[in-house]
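The values are calculated or read from the model by the stated rules, or taken from the named source; none is laboratory data. Computed from a prediction, not measured in an experiment: that's the story for all the values here. Note that we place each Cβ from the backbone using ideal geometry, even for glycine, and neighbour counts take in every protein chain shown. In case anyone asks, the SASA skips ligands and DNA or RNA and just uses the protein heavy atoms, side chains included. Shrake-Rupley method; radii C 1.70, N 1.55, O 1.52, S 1.80 Å.
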Amino acid sequence: MQKVSLFGYGGTTRSLAKLFTNAVFYDDKCNKPFTDENGFKVLPSSEFNENYSDLEIPSPGIPPFNPLIKKAKNIQSEYDLFADSKPLKIWISGTNGKTTTTQMMQHLLKENGSVAGGNIGTPLADLDKDSKIWILETSSFTMHYTNKATPNIYVLLPIRPDHLSWHGSMEEYEEAKLKPIRSMNEGEVAIVPKKYSDLKTSAHLITYEDENDLAGLFGIDTEKVKFKGAFLADALLAMAVDKILFDRIDYEKINSFELDPHRQEEFRDSKGRLWVNDTKATNIDATIAALNRYKDSYIHLIVGGDDKGVDLSELFDALKNYNVKIYNIGSNKDRLSILAEKYNVDFVKCKNLIDAVEKIDLDLKDNQVALLSPAAASLDEYTSYAHRGNEFKDSVAKI
């Protein structure tokens, strides 16, 4: 019987365990062996022996420099396990907007038998294998470990610096995003930014420069689409796939889609002043997109957290173009403050998010905007970006 090792005791690997009755989990957070409620052994990572394992499947977030990965001899990704499954597969990746694009596409294609999963929350092992279409939000982590599976349609949003501490460099991060395109087959379609127009692939490559370019390529009238700013590209890419598969452009359907909270979510405090919860902006590009939306206003910007090793100078180059004061929080607030002094950006170093809200409350005018758009991940102080966003909204509600 095949000996299967599952790296990490998380949602993805626990779903995969149902496929392998003898699977054993190895987890960095496990200090003492135990047997879970389903009868599977969970062991400390140090107990993994590569000589007694025929197959290793990692949780996507485990980096390549982890000792488990370095010792493993038979790594296979979650996606590779389902490479031969029947549904038509659409992969969506990029740095910003892939979750919204995935959700919008599912909204458009659900009536045609699609289901959505992957990084969006539902592991592949839990998806309906009889569905006609799998729409998968696909992370660079997953693609790093994937060597067999490829999409039938690949939608790639722009790639910007992110997860560099995981991948090791911008080049490696970018290569993970481009990797599946090189293995795609004739008759399959990849929609990618124009900078990758020379990429060698057997797939039909459709390249775009910006939202106007996308709209022109697929005959979409952007005036009939309610989404603007960063969300317009998400909507256009979802509509493009609908056009490719079913030769239709459904403005009514796309306009009925409701955005998730935590992305440029506007609300007012008891004094009628505008606050914006953009906690999901976990990288520089997403924060610049939010700043651009409010460029005509004075912006009180809360920024900071786990920046994942990214060079922050690009953010400060952009900040010079806005009427802004920044409130630095999180594990990189000292670094942010040093850069603010260097770039002559008005700033306040805060104890935490609640302190930032309290400081903004003292200065926020009716015609100004208070924006939480951290350009960093939340796990230095929170369990998730949603946890951070909810604390922000709760703090403003107390004003």
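Any residue at all in region 368-380 that is at pLDDT below 95, surrounded by fewer than 22 Cβ atoms within 10 Å (Cβ to Cβ) and of a type in the set (A, V, I, L, M)? Within region 368-380 (the criterion being at pLDDT below 95, surrounded by fewer than 22 Cβ atoms within 10 Å (Cβ to Cβ) and of a type in the set (A, V, I, L, M)), the answer is yes, since at least one residue qualifies. If you go through region 375-389 and pick out every residue that is without any contact (Cβ under 8 Å) to a residue 40 or more places away in the chain and under 15 Å from residue 283 (Cα atoms), you end up with 1.
In region 329-367, which residue that is acidic (Asp, Glu) and more than 14 Å from residue 381 (Cβ to Cβ) is least open to solvent (accessible area, probe 1.4 Å)? Spell out the reasoning first.
Narrowing region 329-367 to residues acidic (Asp, Glu): 334, 341, 346, 355, 358, 361, 363, 366.
Still in the list and also more than 14 Å from residue 381 (Cβ to Cβ): 334, 341, 346, 358, 361, 363, 366.
Values: 334: 87, 341: 128, 346: 80, 358: 108, 361: 37, 363: 61, 366: 118 Å².
That would be 361.
Selection of first residues in region 58-83 that are over 15 Å from residue 140 (Cβ atoms) and of second residues that are buried (at least 20 other Cβ atoms within 10 Å of the Cβ) and among the acidic types (Asp, Glu), restricted to Cβ pairs under 6 Å at least 6 apart or on distinct chains, gives the following pairs, ordered by first then second residue: 72/56; 74/56; 75/56.
Among residues of region 279-305 that are among the acidic types (Asp, Glu), those with a beta-carbon under 7 Å from a residue that is in a loop (DSSP other than H, G, I, E, B) at least six positions away or on a different chain give the pairs 285/95; 285/96; 285/160.
Taking residues in region 227-241 that are on the phi > 0 side of the Ramachandran plot, and partners anywhere that are of a type in the set (Lys, Arg) and open to solvent by 20 Å² or more (accessible area, probe 1.4 Å), the pairs with Cβ atoms closer than 9 Å and at least 6 places apart or on different chains are 229/293.
Could you tell me whether region 388-399 includes any residue that is buried (at least 16 other Cβ atoms within 10 Å of the Cβ) and either among the basic types (Lys, Arg) or within 17 Å of residue 320 (Cα to Cα) (or both)? Checking region 388-399: at least one residue is buried (at least 16 other Cβ atoms within 10 Å of the Cβ) and either among the basic types (Lys, Arg) or within 17 Å of residue 320 (Cα to Cα) (or both). Is it fair to say residue 326 is touching an Asp or Glu at 6+ places or on another chain (Cβ under 8 Å) and either open to solvent by less than 10 Å² (accessible area, probe 1.4 Å) or at pLDDT 90 or above (or both)? Against the criterion (touching an Asp or Glu at 6+ places or on another chain (Cβ under 8 Å) and either open to solvent by less than 10 Å² (accessible area, probe 1.4 Å) or at pLDDT 90 or above (or both)), residue 326 qualifies.
Only residues that are over 20 Å from residue 284 (Cα atoms) and not aliphatic (A, V, I, L, M): list them for region 159-194, please. If the condition is that a residue be over 20 Å from residue 284 (Cα atoms) and not aliphatic (A, V, I, L, M), then 179, 180, 182, 183, 185, 186, 187, 188, 194 are the ones that fit.
Does residue 283 qualify as being at pLDDT below 90 and under 19 Å from the mean Cα position of the chain (by Cα)? Taking the combined requirement at face value, the residue satisfies it. Out of the residues in region 154-165 meeting the condition of being open to solvent by 10 Å² or more (accessible area, probe 1.4 Å) and in contact with a helix residue (DSSP H, G or I) (Cβ under 7 Å, 6 or more places away or on another chain), tell me which one is farthest from residue 242 (Cα to Cα). Per the stated criteria, the residue is 164. The selection criterion, being outside any helix (DSSP H, G or I), within 19 Å of residue 98 (Cα to Cα) and open to solvent by 30 Å² or more (accessible area, probe 1.4 Å), does not hold for residue 195.
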